[in-house]
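Undergrad: Please find one structure pasted underneath; my questions will follow.
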Amino acid sequence: THTHTNPRARTHTRTHTYTRLPCRRAVAAFSTMSDFGVSATFLREFVANPAFAQEWQWCMRQSTNNVKEFIVMPQTQSKLCSMVQWVQDERADHEQLIGKATVFVSHAWSYDFMDVVDVLLEYADQRPGEEIYFWFDVFCVNQHKAQNHKSEWWRTTFKQKICDIGQVLLVLTPWYNPTAVTRAWCLWEIHCALEGGVPLSIALPSNQRGALLQGVMDSTEAITNALVKIDAEKSEAGEPNDRINIHDAIKATKGGFLSLNALVKSSLRKWYNETTASHAEEQGERQEAARALNHLALAFEFNGAMHHHECAVRLRWFEIGELHPSLAPCYNDMAIAYRSQGDHNKALEHYE
């Protein structure tokens with residue numbers, strides 16, 4: 001039994017008593033995965049509820065794990081069930097809030113809860129007319145019940161559930177060292193999506209996008225530095241047994257850890273490329289956008305590199321004209337790229 005009393009309260013104290021279980025999906029390990037998820041309407045209502053703001057002040061950090069411990073578990077304590085089940089039992093309007101899950105949310109429990117909600121709401125807003133229900137484990141799993149699953153369960157039941165849901169949304173933050181790719185659970189979720197042919201969407205919280213673009217403008221190696229840190233064999237989990245069993249499942253796949261590393265890096269590399277280029281081209285300041293695209297080009301192989309170099313040149317043409325001396329570094333980088341491919345005529349043309 002865990003009793004939490006707010007040490008910062010001046011006029012009153014408040015105590016929650018419930019069975020405290022280990023963090024992350026050890027709590028979220030379950031014999032039968034729920035088919036139901038939460039809607040954007042549910043998420044908006046949850047964070048707008050005065051009770052949420054009142055409880056929020058009790059959290060030392062605004063993590064998803066704190067939302068579980070100080071809000072979800074106390075609210076569902078009477079029924080010892082998941083939040084999804086509680087809403088279905090207690091709310092007459094539950095059909096607006098709960099439905100068959102369509103998007104599996106891959107995240108780290110240490111993330112700021114509002115960052116994750118920001119990503120989910122934006123995802124839903126970009127798809128008007130679609131019925132979207134997020135399989136977000138803090139709400140969809142019975143947090144009062146902990147179970148342990150062997151590697152076979154991960155390779156079969158869990159993987160099949162992701163395929164049944166049909167879409168995975170991976171929340172990444174911070175952009176330069178995403179916590180999710182250091183967690184065994186998240187890496188296995190990425191593996192299940194990619195190997196099962198399930199569409200994988202990747203998203204940054206809105207407060208990270210400017211930082212990503214600035215990071216690429218500051219360094220040609222920003223994205224490479226983020227990718228080289230991915231190492232599935234060193235990934236962790238809140239519970240040692242989860243780590244052992246997920247690692248065993250990874251070892252049983254073709255290529256094991258090395259193959260998973262390559263798969264994850266390839267997917268993230270493509271996403272970094274497309275996302276940074278998109279943000280750069282949306283910038284009103286063309287000189288800064290051109291610099292970001294040039295740096296981005298240096299991080300990618302020939303075809304992707306040339307596309308970014310050409311976009312950078314076009315952006316600078318608008319500002320300074322085709323023959324301005326400051327375009328020389330762009331042409332020089334393009335010449336180097338052509339020379340690396342053995343196209344010496346094109347290389348010479350750009351050097352000149």
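Undergrad: Collect the residues in the range 165-186 that are open to solvent by 10 Å² or more (accessible area, probe 1.4 Å) and part of a strand (DSSP E or B), keeping them in residue-number order.
TA: Passing the criteria: only R183.
Undergrad: Taking interchain pairs and intrachain pairs at least six residues apart, which have beta carbon atoms under 7 angstrom, with the first residue in the range 134-161 and at pLDDT below 85 and crowded, with 16+ Cβ neighbours inside 10 Å and the second aliphatic (A, V, I, L, M) and not in a helix (DSSP H, G or I)?
TA: Close Cβ pairs (under 7 Å, with a partner that is aliphatic (A, V, I, L, M) and not in a helix (DSSP H, G or I)) amount to A146/L21; A146/V27; A146/A29; H149/A29; S151/A252; R155/A252.
Undergrad: Which of the residues spanning the range 84-142 are over 15 Å from T41 (Cα atoms), charged (D, E, K, R) and not in a helix (DSSP H, G or I)?
TA: Result: D112, single match.
Undergrad: Then there's this: Is there a residue being surrounded by fewer than 20 Cβ atoms within 10 Å (Cβ to Cβ) and within 26 Å of Q77 (Cα to Cα) anywhere in the range 111-120?
TA: The answer is yes; a qualifying residue exists.
Undergrad: Could you run through the range 203-225 and say how many residues are within 22 Å of L169 (Cβ to Cβ) and modelled with pLDDT of 80 or more?
TA: Of the residues in the range 203-225, 10 are within 22 Å of L169 (Cβ to Cβ) and modelled with pLDDT of 80 or more.
Undergrad: Out of all the residues in the range 84-110, which are among the hydroxyl-bearing types (S, T, Y) and at pLDDT 95 or above?
TA: T102, S106
Undergrad: Here is a follow-up. Look at S259 and say whether it is surrounded by fewer than 20 Cβ atoms within 10 Å (Cβ to Cβ), under 28 Å from T102 (Cβ atoms), free of Cβ contacts under 8 Å to residues at least 40 places away in the same chain and of a type outside the set (D, E).
TA: So S259 fails the test.
Condition check ((1) farther than 22 Å from L204 by Cβ; (2) buried (at least 19 other Cβ atoms within 10 Å of the Cβ); (3) modelled with pLDDT under 90) across all residues:
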site: K229; (1), (2), (3): no, no, yes
site: S235; (1), (2), (3): no, yes, no
site: D248; (1), (2), (3): yes, no, no
site: A252; (1), (2), (3): yes, no, no
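Undergrad: Also, quick follow-up: Can you confirm whether S78 is at pLDDT 90 or above, hydroxyl-bearing (S, T, Y) and open to solvent by 60 Å² or more (accessible area, probe 1.4 Å)?
TA: In short, yes.
Undergrad: Only residues that are of a type outside the set (G, A, S) and either open to solvent by 40 Å² or more (accessible area, probe 1.4 Å) or free of Cβ contacts under 8 Å to residues at least 24 places away in the same chain (or both): list them for the range 207-222, please.
TA: Correct list: N207, R209, Q214, D218, T220, E221.
Undergrad: Report, by residue number, each residue of the range 187-206 that is open to solvent by less than 20 Å² (accessible area, probe 1.4 Å) and over 9 Å from the mean Cα position of the chain (by Cα).
TA: Scanning the range 187-206 gives L187, W188, E189, I190, H191, C192, A193, V198.
Undergrad: Then there is this: Quick check, is N225 of a type outside the set (A, V, I, L, M), in a helix (DSSP H, G or I) and open to solvent by less than 60 Å² (accessible area, probe 1.4 Å)?
TA: No; evaluated as a whole, the condition is false for this residue.
The values are calculated or read from the model by the stated rules, or taken from the named source; none is laboratory data. In this text, all values refer to a predicted model and were calculated from it rather than measured experimentally. Because the Cβ atoms are built from the backbone with ideal geometry, glycine has one as well, and the counts that use them run over all protein chains shown. Heads up: the accessible areas ignore ligands, DNA and RNA and are worked out on the full protein's heavy atoms, side chains in. Shrake-Rupley method; radii C 1.70, N 1.55, O 1.52, S 1.80 Å.
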